[in-house]
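Scroll down for the structure; my scribbles are underneath it.
The values are calculated or read from the model by the stated rules, or taken from the named source; none is laboratory data. All figures in this text were calculated on a predicted structure; none of them were measured in a lab. Reconstructed Cβ throughout: ideal geometry from the backbone, glycine too, with neighbour counts over all protein chains shown. Areas reflect the complete protein model, heavy atoms only, side chains present, ligands, DNA and RNA absent. Shrake-Rupley method; radii C 1.70, N 1.55, O 1.52, S 1.80 Å.
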Amino acid sequence: MTFQVRRAAVAALLLGVSAGAVQAEMAAPTAPPEPPKFEAQTEPVYVNRSDIFEFKALPAYSEPAWVTAFVDAGKLPPVAERLPKEPLVYKTANMPDGPGVYGDVMRHVIGGRPEGWNFWAGQSYGWGGIDIGLVECLTRTGPLFTVNSEDLQPLPNLAKSWEWSEDGKTLTVKLIEGAKWSDGDPFDTEDIEFYWNDVIMDENVTPLMGASPATYNNATYATVDPYTFTLTFAEPFPEQVLYAMAYGNFCPGPSHVLKPKHPKHGGESYEAFLNAFPSDYMNFPTMGAWVVVEHRPDDIVVKRRNPYYWKVDETGQQLPYLDEMHFRLSTWGDRDVQAVAGTGDFSNLEQPENYVESLKKAADPASPARLAFGPRSIGYQLFFNQSANGWGEPDARAQAVRELNRNLDFRKAVTYALDRQRLGDSLVKGPFTAPYAGGLLTSTSFYDPASTVFYPFDVASAKEALAAAGLTDTDGNGVVNLASGEDLTVTLLVNSDYATDGNLAEGVVAMMADVGIKVTLNSLTGKDFDNARDAGAWDWLVLRNNQEYVSAVQGTANLAPIGPMTAVWHRANGAGEMDLQPYEQQLVDAIKAFIGTRDPAARIEAMKTWQKVFTENVTAAGLTAYPGALIINKRFANIPAGAPIFMYNWAEDNIIRERVYVPADQQIGAELHPQTLPGAPGSPGPITAN
Ligand code: GLA
């Protein structure tokens, strides 16, 4: 008897079925099931990028009258001097409700907590749009949901324009000229240099969201002048890099406050650099429309308008229109509840457990909030830690799991064991959730069903695949055993801040138990979860998708281990070594091909290849995908039609908050610090004109 056959026979005995049945092939993979139809409730108005804004000087500028009082008191230069030479001017024709009026506040509710303000050393601000309103980036992608496909390219932002050299190997980027940080310090290539040399190129520093040289195609940086820099590449025209300059990545920090704390410039240590701007440090300089002026732990973060904000409307009014922003520090579930109740103003309805109740409330014509569903852009996958190189310093048990994670039969067993329909239905019944094969979501134009391999739910196939991976229940206790005789136990890392993540993880645990895989949950909150994930301290991981799986063009570098820290499932060990499997190398090649060309046909082909390799090899097991809804209080004007809660970015970016306003007669008088502006960096709070 060959080993193969003997193992099947043993398995057959243990499973109590005939050898014939066990030797049967595993169920053949299929095309992914058609997701139930779910029409987005509103369609975007499609325009070209140049229809949204332009950079130009206007004859005159204005500001709220109470800000002029600061100018009159000698506390602020006149508005025209605070603005750049050519500010970013939003065009009236593209504003759903036209130029706005000043005042009022947007009351966000979030589940995260600010860790500190050193985004560039990896500190989280607590998400939910706090950071999106503070860090501005070279390009911008959130509003691209409204851009015509023929004109689809990142929007300029802090980078006003860019140009490729004839050979396509050098990208020259022009920054907006004369823009200032919220404390009046000039924004220029000093800030870019600091970001590049002391954040990206410094191996001791990892920015939040993990940008690294690979994110920028391993470019070489050079400063040309205070407003111009170049990136040079090995291959011609890696236009994709412009997407990597949008939110999440190329969002430079204020070098005038960060640099003195950095060890290369006299700072004490990397640890001290990380902690130099704790969450009680107020008025941290920003290029964003609002500045944090108050933080009461577990209660609220308050932001006031940035008097140096560099964007205006066509009538010359300096933006933002909203004078204040609130971030109630609560739970993500409470965000939905408060938004429909009208005590909060904004929510990305993304936890299906809340859909029925929220829909019911919003359907009442007297409801204070509008609720509109968008495309099926929220997806969850189960990731397998596939570094066998020591990343995260696994013990013997965890290392044995890593070896299994690298075995295709094992990953197949997991995917066959997942009843995705039941998983989705356990969150919410109805046409929302759809079984998800993994890889690209159906809502991206790069999605190709023919390149998507789906392993159907089939317990017998799961057991067959386990046996093929050498895992059978040798001691008859219902759990498969490792060669050592021990029960196989796997830990599953999950973010406990979201009910949905927890429910999906529990579903996975139950379904794995049915095939003899014992899974124990490691539920961690916010930053502990992020830290465990990024440190590699996990066997399996339930994760809500980032942008790369819904847009393909945003966050693309993370679709494969193209660098030591790009893919969530496979990172380098302490010595920087990777141990890519052949199929992972194919993923790397496909992503490199995608990033390295601007030929549309070649890009489509590269993504097809990636999707095929990713799904066929069960790189991650898709769980469920569903649409989310934007809930926003009805008093806000200039909310663009069809804004998805998540696509190139989250809705907090997509709706262009600096352009959102509340008509005077609908303002609610909820400002906590009316008529104040941010104080000096590090000073305790906002200041008054007199
Ligand atoms: C969290 C929330 C999202 C969105 C983002 C913004 O992840 O769950 O809905 O608000 O923050 O960063």
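Placing +1 on the Cβ of every Lys and Arg and -1 on the Cβ of every Asp and Glu, with no other charges, gives the chain a dipole of roughly 780 debye about its Cα centre. Using the rule -39500 (n - 2.57) for each DSSP H run of four or more residues, divided by the residues of the chain, the 222 nm mean residue ellipticity is -6500 deg cm²/dmol. Taking only protein heavy atoms and a 1.4 Å probe, the accessible area of the chain is 52% carbon and sulfur. Residues of region 579-597 with the amide nitrogen closer than 15 Å to a label point 7 Å from the Cα of Ala388, along Cα-to-Cβ, please. The answer is 579-585. Note on region 445-582: Cα-only Rg and Dmax are 17.2, 49 Å. Can you list the trypsin sites (Lys or Arg not before Pro) in region 549-622 that are in a DSSP coil and have 12 or fewer other beta carbons within 10 angstrom? In loop regions of region 549-622 (DSSP not H, G, I, E or B), there are no sparsely surrounded trypsin sites (Lys or Arg not before Pro). Each residue, Asn48 and Leu672, gets one label point 7 Å from its Cα in the Cβ direction; the gap between the two is 4.5 nm. Taking GluC sites (Glu not before Pro) as exposed when DSSP calls them loop (any state but H, G, I, E, B) and at most 14 other Cβ atoms lie within 10 Å, what is the longest stretch of the chain free of them, the sites themselves excluded? In the chain, the maximal stretch lacking such sites is 269-485.
Solvent-accessible surface of the chain, averaged per residue with a 1.4 angstrom probe and all protein chains in place: 36 square angstrom. Under the criterion of Cα pairs below 8 Å and six or more residues apart, the relative contact order for the chain equals 22 percent.
With the alpha-carbon atoms as the only input, what is the per residue convex hull volume for region 199-307 in Å³? Each step should come with its number before you reach the end.
Details: hull volume 15.3 nm³, N = 109.
Roughly 140 Å³ of hull volume per residue.
Here r is the Cβ-Cβ distance between Ala341 and Asp280 and R0 is 25 Å; the resulting FRET efficiency, rounded to 0.05, is 0.25.
Karplus-based coupling profile of region 402-413, in residue order and whole Hz: 4, 4, 5, 4, 8, 9, 4, 4, 5, 5, 5, 4, with θ = phi - 60° in 6.51 cos²θ - 1.76 cosθ + 1.60 and x standing for Gly or Pro.
Between Val224 and Glu39, the simple label model (points 7 Å from Cα in the Cβ direction) yields a spacing of 4.9 nm. Entry note: region 87-161 has Rg to Rh equal to 1.02, where both radii use alpha-carbon atoms and Rh is the Kirkwood radius.
Where both partners of a DSSP beta bridge lie in the chain, what percent of those bridges are antiparallel, to the nearest 5? Can you show the working numbers first?
Values: 62 of 82 bridges.
Of those bridges, close to 75 percent are antiparallel.
Which log10 I(q)/I(0) values, to two decimals, does region 529-574 give at q = 0.24, 0.26, 0.28 Å⁻¹ under the Debye formula with one point per Cα? Log10 of I(q)/I(0), two decimals: -0.94, -1.05, -1.13. The phi torsions of region 567-582, fed into the Karplus equation with coefficients 6.51, -1.76 and 1.60 and a -60° offset, translate into couplings of 8, 5, 8, 8, 10, 6, 7, x, 8, x, 8, 10, 9, 5, 7, x Hz, rounded to whole numbers, with Gly and Pro shown as x. Considered as an equivalent ellipsoid built on the Cα gyration tensor, region 309-459 has semi-axes of 40, 23, 18 Å, the largest given first.
Computed from Cα atoms alone, the Kirkwood hydrodynamic radius reported for region 206-252 is 11.5 Å. Note that region 535-690, at 10 °C in a medium of 1.306 mPa s, gets a Stokes-Einstein diffusion coefficient of 80 µm²/s from its Kirkwood radius over C-alpha pairs. Using only the C-alpha atoms, the convex hull of region 354-419 corresponds to 168 Å³ per residue. For the chain, what log10 I(q)/I(0) values come out of the Debye formula at q = 0.06, 0.07 1/Å, with one point per alpha carbon and no solvent? Each listed q maps to, in turn, -0.35, -0.47.
Taken over the Cα atoms of region 13-146, the convex hull encloses 302 Å³ per residue.
Note the full-extension length gain between Lys91 and Trp164 as 0.36 nm times their separation in residues minus their Cα-Cα distance, in nm to one decimal. Provide the component values of the computation, followed by the final result.
On the way: separation 73, 0.36 × 73 = 26.28 nm, distance 2.72 nm.
Gain on stretching Lys91 to Trp164: 23.6 nm.
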